[in-house]
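Each value in this text was obtained by applying a stated rule to the coordinates, not by laboratory testing. All figures in this text were calculated on a predicted structure; none of them were measured in a lab. With ideal geometry, Cβ positions are generated from the backbone for all residues, glycine too; neighbour counts draw on all protein chains shown.
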Amino acid sequence: MIVSIASGKGGTGKTSVAVNLAISLEGVQLLDCDVEEPNAHLLLHPKIIHEKPVYTPIPTLNEEMCDHCGKCASFCQYNAIFVGYKKVLIFPELCHGCGGCFLVCPKKAIVEGKHRIGTLKQGFVGNLELVYGELEVGEPMAVPLIREVKRHIDKGRNVIIDAPPGASCPVIETAKGSDFCILVSEPTLFGLYDLKTTVQVLRDMKIPLGVVVNKAGIGDRKVYEYCKEEGIPILLEIPFQRKIAELYSRGIPFIQEMQEWKEEFRRLFEDVKRLAGK
Amino acid sequence: MKICVSATADSLDAQVDPRFGRCPYFIIIDLETMQFEVIPNLASGAMGGAGIQAVQTIANKGAKVVITGNVGPNAFQALSAAGIKIVTGAHGTVREVVEKYKRGELKGTSAPTVGGHFGMGGGRGWRQRPW
């Protein structure tokens, strides 16, 4: 079963939930798809056994063969190629790596080059496997790296995927193919606003979902009211507690020192399985 | 010679738009005859690379000079590659700046005048994380 963990709003506790859930279970695989700021490894301290650079294809030009017809530039939806009368410019940071320009060039003057967007890392903590991506600083395109991280999904195991915040392409790419999505929210207006957006996205994607309320006790009851109206199950509440925050700030998953939560997370996983029909 | 002015509307009396890549219209004027052509800027709503797409449009129309408020780094590179002279800091109506240009009162620039995403407006930055 593949369970993704998203939130909409950042800082609600996606990684805390993902990591604590992962170590409550046996032999799961955890993917950290928040490639702009991966942080599951900061809580897990895995032994990294494999590391590789990740590239996207970008156009490189064979100037002698180019007759400046401009077909590549007019094809490119991202304006990554400019064709002047005498000169062609390629903007790698705008390229989405679709490869269309190689195909439309009648002179075969465009060949595939590669542009490094990040690094893929794979490690272990006991029998828990962690796979994550680290996007290069200044690189705007997270999706190809997320795709590469997800290519390492081990279907023979339970897989937990930590998503980036937001509700745009990186989150959609991360949640795609999940059997269930846990939305971690906090009972604040910001939490609610972004939760609603993310619920709409996931419903369009037809992914079953439920909510974990983190920092319960702060804010108001509006997240609960919204979930009730929408028929969204509240799977777990984690209280707003100083001890949890302190452990987090020291890089320790809180269930390691608050063992009573292990059962809660196991129950959460059983509920998710049931709700996902697995 | 053809010159291009970024404009907020589709006539010679329109104000110069301070944004190059995301202005709504380009007005291309033949300096000899003062005949002009209005080109809607299809790049104004582009996700990214608006400046580059805008340069492609006006280069294909044969403009040799562009008069605008600001240009970003990508548009600057593309304009330079296309051999188009860049005049920034212009304001007033399109007609006024063309007259000023004819009298030699507007100077060219040799560097981008703003950073990327200048013309996108607050809150629309596509690289911002949605916190």
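Between the listed residues A:Gly138, A:Pro106, A:Thr60, the Cα displaced farthest toward the positive end of the dipole of chain A, a dipole computed from Cβ unit charges relative to the Cα centre, is found at A:Pro106. Per residue of A:91-97, other chain Cβ atoms within 10 Å of the residue Cβ number 3 on average.
Compactness ratio for chain A: Cα radius of gyration over 2.2 N^0.38 Å (N = residue count) comes to 1.16.
The Cα center of segment A:162-233 and the Cα center of segment A:56-121 differ in position by 38 Å.
Between A:Asn127 and B:Glu37, the FRET efficiency estimated from the beta carbon spacing at R0 = 51 angstrom works out to 0.15. Packing, taken as the mean count of other beta carbons within 10 Å per residue, orders the peptides A:246-259, A:131-144 from highest to lowest as A:131-144, A:246-259. The orientation-averaged projected area of the convex hull spanned by the Cα atoms of segment B:2-120 comes to 6.0 nm².
Seen from A:Ile238, the other residues with C-beta closer than 10 Å to its C-beta sum to a net charge of -2, counting Lys and Arg as +1 and Asp and Glu as -1. If only the Cβ of Lys and Arg carry +1 and only the Cβ of Asp and Glu carry -1, the dipole of chain B around its Cα centre is close to 480 debye. Ranked by the mean number of other Cβ atoms within 10 Å per residue, highest first, peptides A:22-30, B:40-48 order as A:22-30, B:40-48. Our helix-only sum for the protein assembly as shown, with -39,500 (n - 2.57) per DSSP H run of n ≥ 4 divided by its residues, gives a mean residue ellipticity at 222 nm of -8500 deg cm²/dmol. Contact order for chain A, expressed relative to its length and based on alpha carbon pairs under 8 Å spaced 6+ residues apart, stands at 28 percent. Sequentially through segment A:128-133, phi angles give Karplus couplings (6.51, -1.76, 1.60; θ = phi - 60°) of 8, 9, 10, 10, 8, x Hz, Gly and Pro residues having no value and appearing as x.
The string of couplings for segment A:68-80 from the Karplus curve (6.51, -1.76, 1.60, θ = phi - 60°) is 6, 6, x, 4, 5, 5, 6, 6, 5, 6, 10, 6, 8 Hz, one whole number per residue in order, with x for Gly and Pro. Highest-first packing order for the peptide set A:115-121, A:271-277, A:83-89 is A:115-121, A:83-89, A:271-277, based on the mean count of other beta carbon atoms within 10 Å. Each Lys and Arg Cβ is given +1 and each Asp and Glu Cβ -1; about its Cα centre, the protein assembly as shown then shows a dipole of about 520 debye. Checking every one of the trypsin sites (Lys or Arg not before Pro) in segment A:187-219 against DSSP loop status and a limit of 10 other Cβ atoms within 10 Å picks out A:Lys206.
Shielding of peptide A:73-80 by partners, expressed as the average count of other chain Cβ atoms within 10 Å per residue Cβ, is 5. FRET efficiency for the A:Phe190 to A:Glu260 pair, using the beta carbon distance and R₀ = 30 Å, is estimated at 0.55. In chain B, the sites counted are GluC sites (Glu not before Pro) in DSSP loop states with at most 10 other Cβ atoms within 10 Å, and the longest stretch holding none of them, exclusive of the sites, is B:33-104. With the cut-off at under 17 Å, measuring from each backbone N in segment A:119-144 to a point 7 Å along the Cα-to-Cβ line of A:Glu112 picks out A:144.
In chain B, the longest principal axis of the Cα atoms and the axis of helix B:50-60 are about 30 degrees apart. Treat segment A:59-153 as a sphere of radius equal to its Kirkwood radius over Cα pairs and apply Stokes-Einstein at 4 °C in a medium of 1.567 mPa s; give the translational diffusion coefficient in µm²/s, rounded to a whole number. Taking Rh from Cα pairs, D becomes 85 µm²/s. Mean per-residue shielding of peptide A:81-88 is 6, counting Cβ atoms of other chains within 10 Å of each Cβ.
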